[in-house]
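**Student:** So that we are looking at the same thing, I have put the structure below in structure tokens.
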Amino acid sequence: MRRAALCLVLLLLLLPAAAQGAGKGCQEMKRRLVYGGGAASGLLVLDADSGRPVCARAASRPRILASNTKLFTTAAALGRFGPRYRIATELLGDGEVDARGVLHGSLWLRGGGDPALGSPAFYDRYGGGVGTNLYAVKAQLRADGVRRVTGRLYADDSIFDRVRGVADSGYATSPYVGPLSGLSFNSGYAGSHALGFASDPAMTAVAKLAHALRGAGIAIGGGVALDVAPADAEPLATVRSPTMSQIVAATDVYSNNFFAEMLAKLLGAHFGGAGTTAAGTAVVERFARAHGSGVHAVDGSGLTRGNRASPLQVVSLLQAMSRSPVGDELIGDLALAGRSGTAEDRMHGTAAYGRCHVKTGTLSGVSALSGVCENRSGRTMIFSILMNGVSDLTLAHYEQDRIAGAVASY
């Protein structure tokens, strides 16, 4: 994979004049790039079947990625965990259940860092149906014969640190993401979207679960609290997330910042030595380098302006992933031009419509569009448009959409 990326760099350096800009099609793409995004913008279009770049402008210069950062985060998540992986949230107990169904001890709800954990009422409305039903532990606990717990119901969120946000917000909860937690519920909201964010997501999760257990005829004697589950606590019930591929699709199609940041910490917890954003982004950076690409990752979602990569690095990542065992999953988990997610209203009336799987990205002065297209002749094209001098977002989108259309009709 590193050899393929090196070959791509050499091809960029040795591109014939026709590909560098003398060709009418490439000239028009570059004109649209600068007109829509300013002189600080970059572009690379690659014919993936031949491995040859067909148009480039300042393709090696790193730029602010905005939500194109999610391409790196989700590629690492799919690559490291695998598309069928499911995140477990466990209910543990430390006592014996007597003949009357009384558990003489306490319960621990141990979070696994599942970004989709919540209530069906929430994720069916706000998550496109992608969610993990926390309340499914009720039936499992009743099947174990438990009717009353003498102790407490504890929240164990220790898989992650308790930093709620990312650098963009000074690591605090912001309107764009948070609060992050190893035991989250309804994406960190205080039970419902209308109530705003919870001050402590883990405590919200156990309070909601305690209420649901009481409704199911299981009394909790000692209330709720925070604590790390003891090593000898026994699993009593488990709920598992949707597959990693489904979580990645929800992250990329809808550009879900919360899911992306949770995935970054999850990568850190499993492969980086700590459930922190810094550990997770280090895993993402290593994964990119191992696949012939590179990125300076500050967070998982792209909210922070320090997330940077070049069009060459974005295309190199997508090229390497397209050839990997999870390539079809990653590309299929992107928004389809004109039909889904953040691209639903984009690229109508162009050849890209229904042919390009893309990731959008937006910050103040920044707009990005990268992806993979199957063109009309059946060839696979990979492209990255990174605009860092945007003064008119509507114009930037218009020009990006026409560039994508030109890519799809190449």
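**Student:** Suppose a student asked you for the relative contact order of region 269-390, using Cα pairs under 8 Å spaced at least 6 residues apart; what percent would you report?
**Tutor:** It rounds to 16 percent for region 269-390.
**Student:** Now for a separate question. Just tell me which lysines come within less than 30 Å, Cα to Cα, of K30; anything on the same chain fewer than 8 places away is out.
**Tutor:** K70, K359
**Student:** Continuing with this model, one more query. With r as the distance between the Cβ atoms of A290 and D144 and R0 = 45 Å, compute the FRET efficiency 1/(1 + (r/R0)^6) and round to 0.05.
**Tutor:** Approximately 0.55, to the nearest 0.05.
**Student:** Amide H neighbours of A237 under 5 Å, at least 5 residues apart or on other chains, H built in the peptide plane: list them.
**Tutor:** Close amide H contacts, sequence-distant or interchain: L91.
**Student:** Applying the Karplus parametrisation 6.51 cos²θ - 1.76 cosθ + 1.60 with θ = phi - 60° to the phi angles of region 220-227, what ³J(HN,Hα) value in whole Hz is obtained for each residue in order, glycine and proline being reported as x?
**Tutor:** Each residue of region 220-227 in turn: 10, x, x, x, 10, 6, 9, 5 Hz.
**Student:** At 7 Å along the Cα-to-beta-carbon direction for both D227 and H211, put a label point, then send me their distance in nm to one decimal.
**Tutor:** Going from the D227 label point to the H211 one covers 2.3 nm.
**Student:** Students sometimes get this wrong: rank E374, E234 by accessible area, probe 1.4 Å, all chains present, largest first.
**Tutor:** From most exposed to least exposed: E234, E374.
**Student:** Each residue of region 264-279 in order: what ³J(HN,Hα) in whole Hz does its phi give by Karplus 6.51 cos²θ - 1.76 cosθ + 1.60, θ = phi - 60°, with x for Gly and Pro?
**Tutor:** For region 264-279, the Karplus-derived couplings read 4, 5, 5, 4, x, 5, 8, 10, x, x, 6, x, 10, 4, 4, 5 Hz, x marking Gly and Pro.
**Student:** Against the longest principal axis of the chain, how steep is helix 393-408, in degrees 0 to 90 to the nearest 10, with axes from Cα atoms?
**Tutor:** Once rounded, one gets 70 degrees.
**Student:** Can you tell me the FRET efficiency between L393 and A88 if r is taken as the Cβ-Cβ distance and R0 is 30 Å, rounded to the nearest 0.05?
**Tutor:** Using R0 = 30 Å, I get an efficiency of 0.15.
**Student:** At 1.4 Å probe radius, can you tell me the per residue accessible area of the chain in Å²?
**Tutor:** Here the residues of the chain average 38 Å² of exposed surface.
**Student:** Would you please calculate the Kirkwood hydrodynamic radius of the chain over all C-alpha pairs and express it in Å, rounded to one decimal?
**Tutor:** 22.1
**Student:** Taking 0.36 nm per residue of sequence separation and subtracting the Cα-Cα distance, how much length would be gained by fully extending the chain between V34 and R61, in nm to one decimal?
**Tutor:** 8.2 nm
**Student:** Shifting gears a bit: Apply the Karplus parameterisation 6.51 cos²θ - 1.76 cosθ + 1.60, with θ equal to phi minus 60°, to every residue of region 45-56 and state each ³J(HN,Hα) to the nearest whole Hz, in sequence, with x for glycine and proline.
**Tutor:** Each residue's phi maps through the Karplus curve to give 10, 10, 7, 5, 5, 9, x, 9, x, 10, 7, 8 Hz.
**Student:** Now for a separate question. Helix 244-253: angle to the longest alpha-carbon principal axis of the chain, degrees 0 to 90, nearest 10?
**Tutor:** Helix 244-253 sits roughly 50 degrees off the main axis of the chain.
**Student:** Round to the nearest 10 and give me the degree value, 0 to 90, for the angle of helix 24-37's Cα axis relative to the longest principal axis of the chain.
**Tutor:** For 24-37 against the chain, the angle is about 50 degrees.
**Student:** OK, next. Magnitude of the Cβ-charge dipole of region 167-273, K/R +1 and D/E -1, about the Cα centre, nearest 20 debye?
**Tutor:** With Lys and Arg at +1 and Asp and Glu at -1, about 240 debye.
**Student:** So what's the back-of-envelope 222 nm ellipticity for the chain, counting only DSSP H runs of four-plus at -39500 (n - 2.57) apiece and dividing by all residues, rounded to 500?
**Tutor:** Mean residue ellipticity at 222 nm (helix-derived): -10500 deg cm²/dmol.
**Student:** S324 label point, 7 Å along Cα→Cβ, cut-off 11 Å on backbone N: hits in region 64-91?
**Tutor:** The answer is 72-83.
**Student:** Along the charge dipole of the chain, Cβ charges K/R +1 and D/E -1, which of H104, N307, T276 sits furthest on the positive end?
**Tutor:** Working it through, the farthest residue towards the positive pole turns out to be N307.
**Student:** To the nearest 20 debye, what charge dipole does the chain have about its Cα centre, counting +1 at the Cβ of each Lys and Arg and -1 at the Cβ of each Asp and Glu?
**Tutor:** 1040
**Student:** Just the number, please: carbon plus sulfur as a percent of the accessible area of the chain, 1.4 Å probe, no ligands or DNA/RNA counted.
**Tutor:** 51
**Student:** Also, quick follow-up: If amide H atoms are built 1.01 Å from N in the plane of the peptide, which residues on other chains or at least 5 residues away come under 5 Å of the amide H of D114?
**Tutor:** S184
**Student:** Continuing with the same structure: Quick query: amide H of L107 versus all other amide H atoms, modeled in the peptide plane; which residues come in under 5 Å with a sequence gap of 5 or more or a different chain?
**Tutor:** Amide H neighbours of L107, under 5 Å, 5+ apart: R152, L153, Y154.
**Student:** A further question follows. Using a Gaussian network model on the chain with a 10 Å cutoff between Cα atoms, which of P242, P175, P115 fluctuates the most?
**Tutor:** P175
**Student:** Rounded to two decimals, what is the ratio between the C-alpha radius of gyration of region 165-290 and 2.2 N^0.38 Å?
**Tutor:** 1.19
**Student:** Over the chain, calculate the relative contact order: mean separation of alpha carbon pairs under 8 Å at least 6 apart, over the residue count, as a percent.
**Tutor:** Once divided by the residue count of the chain, the mean separation gives 23 percent.
The values are calculated or read from the model by the stated rules, or taken from the named source; none is laboratory data. Being a predicted model, the structure only gives us computed values, none of them experimental. Note: ideal-geometry Cβ built from the backbone for every residue, glycine included; neighbour counts use all protein chains shown. Ligands, DNA and RNA are excluded from the accessible area calculation, which covers all protein heavy atoms including side chains. Shrake-Rupley method; radii C 1.70, N 1.55, O 1.52, S 1.80 Å.
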